[in-house]
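K.L.:
Here you go, one structure.
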Amino acid sequence: MAEGMISSQDRGRGETIRDVAERYLFELASRSMVQVTVDEESVYNRFESCRLHDMIRELCLSKANEEEFLEVVDMQTRGQDERSMRRASRLAVHSDEIKICHLLYLPKCSREGEIGATLESLDSLILFDSHIEKDPMEILEKLPTLRYLRLWGYSYVGREMVCGATGFPQLRLLSLEGLRNVEEWRVEEGAMPNLCCLCIRRCNELKMIPEGLKFITALKELTIELMSKEFIDRVRVVDGEEGEDYHKIKHIPSVSLSTR
């Protein structure tokens, strides 16, 4: 969705952009081009994961590399260096090895203006079970071209997150899934001015929606899934009575809510 590959012209009545994306994925699965698993706990029956067959994966990687769409960086290979990261526009890390990247690599880029030069092309990032202890937003929000960010599982194990006033200038899609320790998320006015899709899922300790969401006028779709009833009640209208946090999201055209 963040890449602009999902056409709004394909939307049926009552469909969101995410619904269209899932329809695309289902069609690929029905043609045996991808293998998918479904999250049975989700009331929306959404896909939990997606895998490519080996041959399809090799074909995709070959074509992607040819068109400079992405580059695979092997964290185990000592030959990988800053030049590889500089060229990368999409990066997914699915192991504890990100600790090396976070502690030794990213802090080197955190000085003013330096991170943009080092990861100048990165527009998609997925972190999974990386067990980062310091708020990653402090560094990630400085990435000048980042458009898609997914923090998943134990990618961050701290209790607070802050998105600064000038952070994430190009971010369009943010997904926070299974961040089990996060209790407070603050969004300052001016942060994420181009954010259009936000997903919050299974963040069990998160107490409330950040106040700063009300300033993000570009936000068109909000999905809150498998959160506590108390969290959901704060953002919805029941019998004409608005929840405590409803004012923060009432400007968003499409809002999907479900409890655990």
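The values are calculated or read from the model by the stated rules, or taken from the named source; none is laboratory data. Model, not experiment: these values are computed from the prediction. Backbone-built Cβ (ideal geometry, glycine too); neighbour counts: all protein chains shown.
K.L.:
What tally of residues in the range 14-31 results from selecting those that are among the hydroxyl-bearing types (S, T, Y) and modelled with pLDDT under 80?
P.N.:
Taking the range 14-31 as the starting set, the residues that turn out to be among the hydroxyl-bearing types (S, T, Y) are 16, 24, 30.
From what is left, the residues that are modelled with pLDDT under 80 are 16.
Count: 1.
Conditions (1) out of contact with any helix residue (DSSP H, G or I) (no Cβ under 7 Å at 6 or more places or on another chain); (2) hydroxyl-bearing (S, T, Y); (3) not assigned by TED's automatic domain parsing to the domain that holds V255, marked per residue:
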residue: T145; (1), (2), (3): yes, yes, no
residue: A165; (1), (2), (3): yes, no, no
residue: R201; (1), (2), (3): yes, no, no
residue: I209; (1), (2), (3): no, no, no
residue: T217; (1), (2), (3): yes, yes, no
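K.L.:
Would you mind finding the one in E230, E211, E221, E244 that is closer than 20 Å to G167 by Cβ, touching a Lys or Arg at 6+ places or on another chain (Cβ under 9 Å) and of a type outside the set (F, W, Y)?
P.N.:
Working: E230 fails: closer than 20 Å to G167 by Cβ; E221 fails: closer than 20 Å to G167 by Cβ; E244 fails: closer than 20 Å to G167 by Cβ.
Testing whether each residue is closer than 20 Å to G167 by Cβ, touching a Lys or Arg at 6+ places or on another chain (Cβ under 9 Å) and of a type outside the set (F, W, Y) leaves just E211.
K.L.:
When you look at S175, is it polar (S, T, N, Q), in a strand (DSSP E or B) and touching a Cys at 6+ places or on another chain (Cβ under 7 Å), yes or no?
P.N.:
For S175, the condition - polar (S, T, N, Q), in a strand (DSSP E or B) and touching a Cys at 6+ places or on another chain (Cβ under 7 Å) - is met.
K.L.:
Say we look at the range 42-62 and pick out the residues that are exposed (fewer than 11 other Cβ atoms within 10 Å of the Cβ) and at pLDDT 70 or above; which of these is farthest from L226 (Cα to Cα)?
P.N.:
Across the range 42-62, the extreme among qualifying residues is S62.
K.L.:
Does at least one position in the range 194-216 carry a residue that is of a type in the set (K, R) and part of a helix (DSSP H, G or I)?
P.N.:
Filtering the range 194-216 for residues of a type in the set (K, R) gives 201-202, 207, 214.
Still in the list and also part of a helix (DSSP H, G or I): 214.
Scanning the range 194-216 turns up at least one residue that is of a type in the set (K, R) and part of a helix (DSSP H, G or I).
K.L.:
When you check V73 against the structure, is it modelled with pLDDT of 75 or more, touching a Leu at 6+ places or on another chain (Cβ under 8 Å) and of a type outside the set (D, E, K, R), yes or no? Steps first, answer last, please.
P.N.:
On the way: modelled with pLDDT of 75 or more: no; touching a Leu at 6+ places or on another chain (Cβ under 8 Å): yes; of a type outside the set (D, E, K, R): yes.
Considered against the rule, which asks whether it is modelled with pLDDT of 75 or more, touching a Leu at 6+ places or on another chain (Cβ under 8 Å) and of a type outside the set (D, E, K, R), V73 comes out as no.
K.L.:
List every residue pair whose Cβ atoms sit under 6 Å apart, with the two residues 6 or more apart in sequence or on different chains, where the first one lies in the range 230-243 and is in the same structural domain as M208 (by TED's automatic domain parsing) and on the phi < 0 side of the Ramachandran plot and the second, anywhere, is part of a loop (DSSP other than H, G, I, E, B) and among the acidic types (D, E).
P.N.:
What qualifies is R234/E244; R234/D245; V235/D245.
K.L.:
Kindly list the number of the only condition in (1) hydroxyl-bearing (S, T, Y); (2) at pLDDT 95 or above; (3) closer than 23 Å to S130 by Cα that fails for Y246.
P.N.:
(3)
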